[in-house]
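K.L.:
Structure below; questions to follow.
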Amino acid sequence: MTKHVAVLKGGWSHEREVSLNSGAECAQALRNAGYSVTEIDVGRDIAQRLTALNPDVVFNALHGRFGEDGTIQGMLEILGIAYTHSGVLASSVAMDKHQAKVMFKAAGVPVTDHVIASRAEIARSHVMEPPYVVKPYNDGSSVNVFIVKQGQEHPPQEILRSDWDGDEDLMVERFVPGRELTCAVMGDVALGVIEVVTDLAFYNYEAKYVTGGSNHILPAQVSPKIYEKVQKMSLNAHAALGCRGVTRSDFRYDPRGGDDGELVCLEINTQPGMTKTSLVPELAAHAGHSFEELVSWIVEDASCNR
């Protein structure tokens, strides 16, 4: 019997537009693979809609808060509907960058130094010696991220603007210069390593989601030792949080820091983007998995009690 898959997309986080794109791409690929698919632009009536629909599997293509932070995963556990990607606890911890770093450090995965402070405190004076990065500790897609360069006199004042739509507390972490590397884990297998190159200030929202915003070098042109280290650290980060399905871990690599340079894990994404410019489909293709095969694998991996 053909499986009925409900693809959840949209929602109301900062990453709504990205999620709509991811969901549409995944839904079409699942139809091409032979599944019966219903696309749902998620609203606060999602529990009632899923109860009425009663799908075999939920493909969670939501990004950001509510969809990626353990909230909807808990709802799906209560409803008893099998779902994709990581479970309640792993999703919640991964979304909280501070807690994720604590877990990574305990598992031997190097991370950057950081502090959590109020935006008023951060804007008043440097809470860390520049260069550093100011960013939300529980959001994604590089929304509300500011880089404070070495020698910069004042912290970013934009975080005090009247239309600020982020949290009152933010993360300030040491800036690691160098190269942007990323690696995906599919089940218990680390895929390849991509280097992301952009002419923009950093790998921000535009670089991630606008065609031509960044170039992806696959495989990354680093030494075999660093390549394998990124793969191992990605597996360790995935395991440390108890993640399931597909994840993507992001790294900064500064080749100047000693014999092997400095390699740190910035974060893990439990529901990475699945758009035409996204990294995970590209990594899967490099490993020999078509997009249809990738989304089919994700669906077949779905369960409750994740």
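The values are calculated or read from the model by the stated rules, or taken from the named source; none is laboratory data. Every value quoted in this text rests on a predicted model; they were computed, and no experiment measured them. Cβ coordinates were reconstructed from backbone atoms using ideal geometry, including for glycine residues, and neighbour counts include every protein chain displayed.
K.L.:
Could you please find all residues in region 157-185 being in contact with a helix residue (DSSP H, G or I) (Cβ under 7 Å, 6 or more places away or on another chain) and surrounded by 16 or more Cβ atoms within 10 Å (Cβ to Cβ)?
P.N.:
Across region 157-185, the qualifying residues are 159, 170, 171, 172, 181, 182, 183, 184, 185.
K.L.:
Of all the residues that make up region 60-100, how many are among the aromatic types (Phe, Trp, Tyr) and without any contact (Cβ under 8 Å) to a residue 40 or more places away in the chain? Steps first, please.
P.N.:
Filtering region 60-100 down to residues among the aromatic types (Phe, Trp, Tyr) leaves 66, 83.
Adding the requirement that they be without any contact (Cβ under 8 Å) to a residue 40 or more places away in the chain leaves none.
Counting residues in region 60-100 that are among the aromatic types (Phe, Trp, Tyr) and without any contact (Cβ under 8 Å) to a residue 40 or more places away in the chain gives 0.
K.L.:
What's the number of the condition residue 278 fails, among (1) touching a Ser or Thr at 6+ places or on another chain (Cβ under 9 Å); (2) modelled with pLDDT of 95 or more; (3) within 17 Å of residue 196 (Cα to Cα); (4) of a type in the set (S, T, N, Q)?
P.N.:
Exception for residue 278: condition (2).
K.L.:
Condition check: aromatic (Phe, Trp, Tyr), closer than 30 Å to residue 266 by Cα and surrounded by fewer than 22 Cβ atoms within 10 Å (Cβ to Cβ). Does residue 66 satisfy that? Step through it out loud before you land on a result.
P.N.:
Values: aromatic (Phe, Trp, Tyr): yes; closer than 30 Å to residue 266 by Cα: yes; surrounded by fewer than 22 Cβ atoms within 10 Å (Cβ to Cβ): yes.
Against the criterion (aromatic (Phe, Trp, Tyr), closer than 30 Å to residue 266 by Cα and surrounded by fewer than 22 Cβ atoms within 10 Å (Cβ to Cβ)), residue 66 qualifies.
K.L.:
Quick one: which of 209, 203, 132 is modelled with pLDDT of 90 or more and among the aromatic types (Phe, Trp, Tyr)? Walk me through how you get there before you give the answer.
P.N.:
On the way: 209 fails: modelled with pLDDT of 90 or more; 203 fails: modelled with pLDDT of 90 or more.
The unique qualifying residue is 132.
K.L.:
May I pose another question? Can you confirm whether region 46-58 contains a residue that is modelled with pLDDT of 95 or more, in contact with a His (Cβ under 7 Å, 6 or more places away or on another chain) and either outside the structural domain of residue 275 (by TED's automatic domain parsing) or of a type in the set (A, V, I, L, M) (or both)? Lay out the reasoning, then the answer.
P.N.:
Of region 46-58, the ones modelled with pLDDT of 95 or more are 46-58.
Still in the list and also in contact with a His (Cβ under 7 Å, 6 or more places away or on another chain): 55-56.
Those left that are additionally either outside the structural domain of residue 275 (by TED's automatic domain parsing) or of a type in the set (A, V, I, L, M) (or both): 55-56.
Among the residues of region 46-58, at least one is modelled with pLDDT of 95 or more, in contact with a His (Cβ under 7 Å, 6 or more places away or on another chain) and either outside the structural domain of residue 275 (by TED's automatic domain parsing) or of a type in the set (A, V, I, L, M) (or both), which makes the answer yes.
K.L.:
Among the numbered conditions (1) over 16 Å from residue 302 (Cβ atoms); (2) among the polar types (S, T, N, Q); (3) surrounded by 23 or more Cβ atoms within 10 Å (Cβ to Cβ), tell me where residue 60 comes up short.
P.N.:
(1)
K.L.:
Exactly one of (1) closer than 18 Å to residue 220 by Cβ; (2) part of a loop (DSSP other than H, G, I, E, B); (3) over 12 Å from the mean Cα position of the chain (by Cα) is unmet by residue 272. Its number?
P.N.:
Here residue 272 meets the rest and fails (3).
K.L.:
Determine which single condition residue 242 fails, assuming it passes every other condition in (1) in contact with a Leu (Cβ under 7 Å, 6 or more places away or on another chain); (2) crowded, with 18+ Cβ neighbours inside 10 Å.
P.N.:
Among (1) in contact with a Leu (Cβ under 7 Å, 6 or more places away or on another chain); (2) crowded, with 18+ Cβ neighbours inside 10 Å, residue 242 violates only (2).
K.L.:
Continuing with the same structure: Go through the residues of region 162-182 one by one and say whether even a single one is without any contact (Cβ under 8 Å) to a residue 60 or more places away in the chain and more than 25 Å from the chain's Cα centre (by Cα).
P.N.:
For region 162-182, residues without any contact (Cβ under 8 Å) to a residue 60 or more places away in the chain and more than 25 Å from the chain's Cα centre (by Cα): present.
K.L.:
Determine which member of the set 149, 105, 101 is in the same structural domain as residue 278 (by TED's automatic domain parsing) and over 23 Å from residue 273 (Cα atoms). So that I can check it myself, show each step before the final result.
P.N.:
Details: 149 fails: in the same structural domain as residue 278 (by TED's automatic domain parsing); 101 fails: over 23 Å from residue 273 (Cα atoms).
Only one candidate qualifies: 105.
K.L.:
How many residues does region 94-110 contain that are in contact with a strand residue (DSSP E or B) (Cβ under 9 Å, 6 or more places away or on another chain), closer than 27 Å to residue 75 by Cβ, crowded, with 22+ Cβ neighbours inside 10 Å and not charged (D, E, K, R)?
P.N.:
Within region 94-110, residues that are in contact with a strand residue (DSSP E or B) (Cβ under 9 Å, 6 or more places away or on another chain), closer than 27 Å to residue 75 by Cβ, crowded, with 22+ Cβ neighbours inside 10 Å and not charged (D, E, K, R) number 2.
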